[in-house]
Amino acid sequence: MLEQLRRINRQTRIQYGLMFTFGVLCILTAFAPLDESIRITVVGTLFGFTAGIWIAHLVQVLGRAARTNQTDITVGD
């Protein structure tokens, strides 16, 4: 498994690390003994960061796949 993680490009590893970090912080904050309004605000913000990074990663992967497969597209007459 470590070998598979080493083969992933640097940007993807950073994005996965950030998604994991913000996700864990989101879960920890959800169970933290904080005032309810503070807890809701912090969890929502951390979840927003996590979802934003995930969407950015998805767009990046799809863009890379589209550029890679662009040469495979043939136009019929």
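A few notes on this one:
- Whole-number Å³ per residue for the convex hull built on Cα positions in the chain: 119
- For the range 61-67, putting each phi into the Karplus relation 6.51 cos²θ - 1.76 cosθ + 1.60 with θ = phi - 60° gives couplings of 5, 5, x, 5, 5, 5, 5 Hz, in residue order, rounded to whole numbers and with x for Gly and Pro.
- Within a Gaussian network of the chain (alpha carbon springs, distance under 10 Å), most fluctuating of GLY52, GLY44, GLY63: GLY63
- Taking ARG39, ARG13, ARG64 as the candidate residues, the one with maximal mean-square fluctuation in a Gaussian network model of the chain, Cα springs under 10 Å, is ARG64.
- Positive-end extreme of charge dipole, the chain - chosen from VAL59, ILE14, PHE49 (charges on Cβ): ILE14
- For the range 20-32, Karplus couplings with θ = phi - 60° (6.51, -1.76, 1.60), whole Hz, Gly/Pro x: 5, 4, 5, x, 5, 4, 4, 5, 4, 5, 4, 9, 6
Just so you know, all these numbers are worked out from the coordinates, no wet-lab data involved. Note that the coordinates shown come from a computational prediction; the quantities given were computed from them, not determined experimentally. Don't worry about glycine lacking a Cβ; one is built from the backbone with ideal geometry, like all the others, and counts go over all protein chains shown.
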